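Colleague: There's a structure below that I have some questions on.
Every read-out reported here was derived from the displayed coordinates using simple, explicitly stated rules and does not represent laboratory data. Please read all numbers here as calculations on a predicted model, not as lab measurements. Here the Cβ positions follow ideal geometry from the backbone for every residue, glycine too, while neighbour counts run over all protein chains shown.
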Amino acid sequence: MFSTRIYRGGVSALVLLLFALPAMAQSFRVQCPEETPLHPKSAAGVVSDGIKCQQISGGDGYATMGDGTQTYLFAFGPLSGITDIKNGLPGTQKASVFRTPDDPNGAIGLVPDPNAGGAITGHVDARAIMDVGVMNGNMPAPTMAIDEDDEFFLTLTNVGMIMRPDLFEQHTVHFHGYPNASAFYDGVPDASVAINIGGSFTYYYLAPDAGTYFWHCHITPPEHLQMGMVGQIYVRPRQNRVPLNGSLYAALQAQQSDPRTKCGGDILCSTPLPRVNNGAIHQPNKNNSPTLYAYNDGDGTTAYDVEYPIQIHGFDPNFHFVGMTFNPEPFTDMKDKYFLFNGRSYPDTVTPGAMSTPVADGTAHFSQPLPTVINIPLGGKALLRISDLDVSEFQTLASLGIPMHVVGVNARLLRDMTGNNLAYDTNSITLGGGESIDVILDASVLDASGNYRYPAGSTYYLYTPNLDHLSNDAENFGGLMTEVHICTAAVDLTTKSCK
Ligand SMILES: [Cu+2]
């Protein structure tokens, strides 16, 4: 039995604890170190480019559908890399940029820490974060891109859902397909932590094997995914860093001497050497910049000039409407009526620049920053990083004209363990929710008279042969379709437009 005195003391301690708890447990903060054991500063004090950081909000927002309907979202929004994201680029930044409060791509809210002599410690001004982050969801969620060997610090800040004050909705980040996931950073709430409104949490990833991945919130997945909490992440291969005129085969062979990347007898090895050394070297591409690769191929077979992340998704407008209006959501009745590339359906897929949508207080926010026009330099190759996070439907995508050359599936190079190339050509691919595929549209093919088969100025189409998905709810001639343009020369890699 407790003595009365001890019991009373326990109660007052408990009351004190309860009052202190909200302040202690819920606060915003970002984490983006200027050095780590893997990526120390240089002798001159320069921060390594191998530390990448990003901040995102979890909350709500609105997007505009192809028929003009404004649709309510549960959504992630950008809280760093704002300028890049608005331009349709990944929002991931080098630590040196993220940590610079005045940089247009720096972390929103990050300010000098008054308790640390003005150092950048991750201390933030919450006001700035709320001003930018509230009701500022994007569809798709902010794109992330890292290089093999990077360390990635991703801060999720839950700003709450203003349209649903009745909900105390937590959010998480699940990096789908991350091969070395620890439960702690995997975002599955039952096995880890979830982020409350008013709180921040920084996820840590050591960049895994190159490939096209995606990420999403893992709270009530059918609901939060349908409502819009889906994004794209891709990892670029070490092979991009082979010096100009260096041998691709020799570089991949060198990876066999690194215990992290050697194949040995491991059937999960993602970097088997090609069966034959074809002597490929790292050369400039059609865009007059060093050629990029989808994977560490050792033979240049995944080379491309320009890359396009394409996320396939579907919205059920009824589900979104009842989600906004405090009604029970009919999970098993979910039926998509909008079919989306990067959050847009045709003709918005080919509208350049960021799309904006007014939110409930009348202000316009950029809502769908990523157009899906595929511009290919004349005689060049485009890598389509296609991922599908549709909750209720399979989606088929066909290419009219330029064959689809499939080089990777689910973030894996199509190559067997003895080095045989298993890439194939097709005119359509079919993905279910939770799958990704890497497709190269190769416009470098010559015709019989030695001219490019796909001439400058020509237009081709990517569209779904599920013909009922070529509509925007009640409106025909829309849906899952976009255009492929052959430029007269190069592609501007910042705007992705023809030069
Ligand atoms: Cu969520």
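Colleague: May I ask which residue of A207, Y293, N87 lies farthest towards the positive end of the charge dipole of the chain, with charges of +1 (Lys, Arg) and -1 (Asp, Glu) on Cβ and the Cα centre as origin?
Modeller: A207
Colleague: Shifting gears a bit: So which lysines can K286 reach, going by Cα to Cα under 19 Å and dropping same-chain residues fewer than 8 places off?
Modeller: K381, K496, K499
Colleague: What residues have an amide H closer than 5 Å to that of A145, excluding those fewer than 5 places away on the same chain, when H is modeled at 1.01 Å from N in the peptide plane?
Modeller: Under 5 Å from the amide H of A145 lie the amide H atoms of G91, T92, Y234, each far enough along the sequence or on another chain.
Colleague: Over segment 212-355, one equal point on each Cα, no solvent: what is log10 I(q)/I(0) by the Debye formula at q = 0.09, 0.15, 0.19 Å⁻¹?
Modeller: After summing over all Cα pairs, the log10 values are -0.48, -0.86, -1.07.
Colleague: Is there a quick way to get the dipole size of the chain? I mean about its Cα centre, with the Cβ of Lys and Arg at +1 and of Asp and Glu at -1; what is the value in debye to the nearest 20?
Modeller: 980
Colleague: Provide Rg over Rh for segment 353-419; use the alpha carbon set for both Rg and the Kirkwood Rh (inverse mean inverse pair distance).
Modeller: Dividing the radius of gyration by the Kirkwood radius yields 1.10.
Colleague: Let me ask something else about it. What size of dipole, in debye to the nearest 20, comes out for segment 92-248 about its Cα centre when the only charges are +1 on Lys and Arg C-beta atoms and -1 on Asp and Glu C-beta atoms?
Modeller: Approximately 240 debye in magnitude.
Colleague: I would also like to ask the following. What fraction of the Cα pairs in segment 233-274, stated in percent, has a spacing above 13 angstrom?
Modeller: 56
Colleague: Could you run the Debye sum over the Cα atoms of segment 331-379, one equal point scatterer each and no solvent, and tell me log10 of I(q)/I(0) at q = 0.13, 0.23, 0.24, 0.27 Å⁻¹, two decimals?
Modeller: Each listed q maps to, in turn, -0.45, -0.89, -0.91, -0.98.
Colleague: If you don't mind, there's one more thing I want to ask. Between E35 and D149, what length in nm is gained on full extension when 0.36 nm per residue of separation is reduced by their alpha carbon distance?
Modeller: Working it through step by step, the gained length comes to 39.6 nm.
Colleague: Whole-Å semi-axes of segment 66-146's equivalent ellipsoid, largest first, each the root of 5 times a Cα gyration tensor eigenvalue?
Modeller: 27, 15, 8
Colleague: Follow-up. With unit charges on the beta carbons (Lys and Arg positive, Asp and Glu negative) and the dipole taken about the Cα centre of the chain, which residue among M65, I233, N115 sits farthest to the positive side?
Modeller: N115
Colleague: Mind listing the phi-derived Karplus ³J(HN,Hα) values for segment 451-466, rounded to whole Hz, using 6.51, -1.76 and 1.60 with θ = phi - 60°, and x for any glycine or proline?
Modeller: Running phi through 6.51 cos²θ - 1.76 cosθ + 1.60 with θ = phi - 60° gives 9, 5, 5, 10, x, 4, x, 7, 10, 10, 10, 10, 8, 9, x, 6 Hz.
Colleague: Something else: To one decimal place, what orientation-averaged projected area in nm² is obtained for the convex hull of the Cα set of segment 290-442?
Modeller: 11.8
Colleague: Provide the packing ranking of 473-486, 349-362, i.e. peptides ordered by the mean count of other C-beta atoms within 10 Å per residue, highest first.
Modeller: Ranked by mean Cβ neighbours within 10 Å, highest first: 473-486, 349-362.
Colleague: Expressed in nm², what is the orientationally averaged projection area of the convex hull enclosing the Cα positions of segment 190-275?
Modeller: Orientation-averaged projected area of the Cα hull: 9.2 nm².
Colleague: Which values, in whole Å and largest first, are the semi-axes of the equivalent ellipsoid of segment 94-207 obtained as the square root of 5 times each eigenvalue of the Cα gyration tensor?
Modeller: So the equivalent ellipsoid measures 23, 21, 14 Å along its semi-axes.
Colleague: Enter the angle in degrees (range 0 to 90, nearest 10) between the Cα long axis of helix 4-25 and the first principal axis of the Cα atoms of the chain, meaning the one along which they spread out most.
Modeller: Relative to the chain, helix 4-25 is tipped by roughly 40 degrees.
Colleague: Could you size up the charge dipole of segment 376-449 around its Cα centre, putting +1 on the beta carbon of Lys and Arg and -1 on that of Asp and Glu, and report it in debye to the nearest 20?
Modeller: Magnitude of the dipole: close to 240 debye.
Colleague: Please report, to one decimal in angstroms, the Kirkwood hydrodynamic radius of segment 179-238 built from all distinct Cα-Cα pairs.
Modeller: About 13.0 Å, per the Kirkwood formula over Cα pairs.
Colleague: Using the Cβ atoms and a cut-off under 12 Å, what net charge is assigned to the surroundings of T64, where Lys and Arg are +1 and Asp and Glu are -1?
Modeller: Charge balance near T64 sits at -1.
Colleague: Would you calculate the volume per residue, in Å³, of the smallest convex hull containing every Cα atom of segment 296-359?
Modeller: 169
Colleague: I'd like the Kirkwood hydrodynamic radius of segment 430-478, using the inverse of the mean 1/r over distinct C-alpha pairs, in Å.
Modeller: Over segment 430-478, the inverse of the mean reciprocal pair distance is 14.4 Å.
Colleague: Would you kindly work out the equivalent ellipsoid of the chain from its C-alpha gyration tensor and give its semi-axes, the square roots of five times the eigenvalues, largest first in whole Å?
Modeller: Gyration-tensor ellipsoid for the chain: 39, 29, 21 Å.
Colleague: Still on this structure, I have one more. Bin all alpha-carbon pair distances of segment 259-343 at 10 Å intervals from 0 and give each bin's fraction as a whole percent.
Modeller: 14, 23, 19, 16, 20, 8, 0
Colleague: Sorting S96, S436 on the 10 Å Cβ count, fewest up front, what's the list?
Modeller: Ranked by crowding around the Cβ, least crowded first: S96, S436.
Colleague: Which of the cysteines found in the chain have nothing to pair with, since no other Cys Cβ lies under 4.7 Å from theirs?
Modeller: C217
Colleague: Calculate the FRET efficiency for A126 and K499 from the Cβ-Cβ distance with a Förster distance of 45 Å, rounded to the nearest 0.05.
Modeller: That gives a FRET efficiency of 0.60.
Colleague: Quick check on the chain: of the DSSP beta bridges with both residues there, what percent are antiparallel, nearest 5%?
Modeller: 75
Colleague: Count the net charge of all other residues whose Cβ sits under 14 Å from the Cβ of K286, scoring Lys and Arg as +1 and Asp and Glu as -1.
Modeller: With Lys, Arg at +1 and Asp, Glu at -1, the neighbours total -2.
Colleague: Related question: Which ³J(HN,Hα) values, rounded to whole Hz and listed in residue order, are derived for segment 100-107 from phi using the Karplus coefficients 6.51, -1.76 and 1.60 in 6.51 cos²θ - 1.76 cosθ + 1.60 with θ = phi - 60°, glycine and proline given as x?
Modeller: Going residue by residue, I get 9, x, 7, 6, x, 9, x, 6 Hz, with x marking Gly and Pro.
Colleague: While we're on this one: Cut-off under 20 Å on the C-alpha distance; same-chain residues fewer than 8 positions from K52 excluded. Which lysines are left, in chain and number order?
Modeller: Filter leaves K41, K86, K94.
Colleague: Specify which residue in the list V173, P455, V30 is farthest towards the positive end of the charge dipole of the chain, using unit charges on the beta carbon of Lys, Arg (+1) and Asp, Glu (-1), about the Cα centre.
Modeller: V30
Colleague: Using the Cβ atoms and a cut-off under 9 Å, what net charge is assigned to the surroundings of H469, where Lys and Arg are +1 and Asp and Glu are -1?
Modeller: Taking every Cβ under 9 Å from that of H469, the sum is -3.
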